[in-house]
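Student: Quick one: the structure is below, questions incoming.
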Amino acid sequence: MRIFRPNKLLLLLLTGGALSLLPLSGCGNGGEDPDIVIAPIIQASVLQTSPTQADRVVFMDNITAVGDIVNADLVVRDSTGTLDLDDVDLVLRYDATFIQVTVVRPETLFGNCGTVNTACNLVSPICLADLPGGNAGGTRFCRINGSTLCLTDADCPSPNDFCGNFGRLPFSAAVVTGPKTCSNKSSQSCTQNSDCKFCTSNSATACADASDCSGVCTLDVCAGGSFDGLPCSTNANCVDTCSAGTCSGCPAVLVNGTTRIVNLTMRVIATGVSDVRFVVSSNPLDQASFLRKDTADLSGIQFWPSVDSIDPSVVQGSFTVTGTK
């Protein structure tokens, strides 16, 4: 377990600065100084448990807590060299009467949201972060366990418990992949090599096999097939295949080690204790957290800590935030 506490020196400096700005009363006027009242500041701290998976795991890292502000990177970790992704959908669940997410920064593992990716000359990735929706809450549960339904604080009799309002904040970042086209006929879409079996002269007539479209490299020039007359060095240069065309889209990301997905800032607005969790589901149609490649959900991904999309009593791990005065 790791615990993150506010920076006491910074808080002391902030408090001292606030006092130094108070007006000084005149000397010898016989009056009394007015009462000095400094509004209490909520102090946030975080206690989290560590993921149980070493690889293919999404969790919160690089956490800091200063005053009422908690900052964290949402990261993905994998060292196997097999986690290739072009879409990230994360859903965070928290008590909106206790925590508000104030900033989701636009820098992602795919690049800056909504800007031109020079690798493909397309605006990519496309991102969504619904802060107003998440901060508006959703369903009322007791703050401490997040699963007991309530209408008022009286329905949550545990010490220092309150009836919270749990919202879901979705964040998505998706690479613009674009269409794939045949290497010898850019107007023909394809998903595999067999879709590009055109006969001589790029005819749309179907071929028996790829050899009907392919030639041989003779004197550094393709002879026969779709690439007849084009320069070559081996016969492989004269074989028609389904490949990425000029508008094939932007590159996916192969995760190597621990990589930040996005950074977010949260503000604790009340005293008490509650958890922030990733929403997970086995149903790809649910509003939940998924990593994807070519629109397919990747398997074996752990989101830590998590809560089930349907049953909020099914949880794993914890990211517990405490607010005190």
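The values are calculated or read from the model by the stated rules, or taken from the named source; none is laboratory data. All values derive from a computational prediction rather than experimental measurement. We place every Cβ from the backbone using ideal geometry, glycine too, and count neighbours over all the protein chains shown. Accessible surface is based on the protein model in full, side chains and every heavy atom, while ligands, DNA and RNA are left aside. Shrake-Rupley method; radii C 1.70, N 1.55, O 1.52, S 1.80 Å.
Student: Simple spin-label model, 7 Å along Cα-to-Cβ: I126 to A223 in nm?
Tutor: Going by the 7 Å Cα→Cβ label model, 4.9 nm.
Student: Roughly what would the spin-label model give for A154 and T102, points 7 Å off Cα along C-beta, in nm?
Tutor: In this crude spin-label approximation the distance works out to 3.6 nm.
Student: If we count every other residue with Cβ under 14 angstrom of S282's Cβ, Lys/Arg +1 and Asp/Glu -1, where does the sum land?
Tutor: Combined, the nearby Lys, Arg, Asp and Glu give -4.
Student: Follow-up. Under 13 Å from the Cβ of C142, count the other residues' Cβ atoms, weight Lys and Arg +1, Asp and Glu -1, and hand me the total. Don't jump to the answer; show the numbers that get you there.
Tutor: On the way: positive: R140, R143; negative: D95, D153, D155, D161, D275.
In short, -3.
Student: Could you give each residue of region 314-320 its phi-based ³J(HN,Hα) in whole Hz, using Karplus coefficients 6.51, -1.76, 1.60 with θ = phi - 60°, and x for Gly or Pro?
Tutor: Rounded to whole hertz, the list is 8, 10, 9, x, 7, 10, 9.
Student: Mind checking the full-extension length gain between D311 and T139? Use 0.36 nm per residue of separation minus the Cα-Cα distance, one decimal, nm. Working shown, then result.
Tutor: Details: separation 172, 0.36 × 172 = 61.92 nm, distance 1.24 nm.
So the chain would gain 60.7 nm between D311 and T139.
Student: Moving on to the next point. Given the peptides 299-305, 231-237, arrange them by the average over their residues of other C-beta atoms within 10 Å, most packed first.
Tutor: Those peptides, ordered most packed to least, come out 299-305, 231-237.
Student: Among 272-280, 72-80, what's the highest-first ranking by average C-beta atoms within 10 angstrom per residue?
Tutor: Numbers: 272-280: 23.1, 72-80: 19.3.
Those peptides, ordered most packed to least, come out 272-280, 72-80.
Student: Report, to the nearest whole %, how much of the accessible area of region 278-325 belongs to carbon and sulfur atoms, 1.4 Å probe, protein only.
Tutor: Details: 1180 of 2290 Å².
Ligands and nucleic acids excluded, carbon and sulfur reach 52 percent.
Student: Separate question: May I ask you to list the residues of region 52-87 whose amide nitrogen lies under 20 Å from a point 7 Å from Cα along the Cα→beta-carbon direction of L254?
Tutor: What the label zone holds, given the 20 Å backbone N cut-off, is 55-57, 76-87.
Student: N112 to K325: FRET efficiency via 1/(1 + (r/R0)^6), r the Cβ-Cβ distance, R0 41 Å, to the nearest 0.05?
Tutor: E between N112 and K325, to the nearest 0.05, is 0.60.
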